[in-house]
1. Taking square-rooted eigenvalues a ≥ b ≥ c of the alpha carbon gyration tensor, is the stretch 72-144 rounded, prolate or oblate, where a/c under 1.5 means rounded and, failing that, a/b exceeding b/c means prolate?
2. Rounded to the nearest 0.05, what FRET efficiency is calculated for Asp133 and Ala65 with R0 set to 22 Å and r the Cβ-Cβ distance?
Amino acid sequence: MKTLLSILLVSLIGISASADPGSKSDYIVTKDGKCVVAKVQFGLFKIHAKQVDGNMLKLNFKDIATYQRNGILYEKKPLYNENKNTGSMVFMRMVSWRNGLGLYCYDDACRGVAAAPRYFVFKDTDTYWLEVDQMNSETITSFFDRLAQK
């Protein structure tokens, strides 16, 4: 029952998330290249993207590397727990970039509504560097000038 409820909740959240149809800054990057889109709807397993010329694309989440929605960049990154790779790839919001290091925010919907977002630092977009915690948050904040608010 909990699994069914979780799937239903994720699908409802996915259906409600959509990009601004008038925004020219929204796009999806796949293995094949960059696809500029006019309207994006997120489903449970696929993204339905209506291009500016009216063509409809159906893309699997696993085939998408990066997307930008409402001017915010999301990149697929490996998820780490306690400095160990979990084996899953998730979309993280790009917060800041400086000197070859990128600060990314991951909002884990599975941890509950009240859960705080997690911040990760990646080197050269591919290599995991560290997770921001209480011990290093002041140093990371001063390096990137700020932790962006959600």
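Values in this text are rule-based calculations from the coordinates and carry no lab data. Only a predicted model underlies this, so the values are computations on that prediction, with no experimental measurement involved. Heads up, the Cβs are rebuilt from the backbone with ideal geometry, glycines too, and the neighbour counts pull from every protein chain shown.
1. rounded
2. For R0 = 22 Å, the calculated efficiency reads 0.20.
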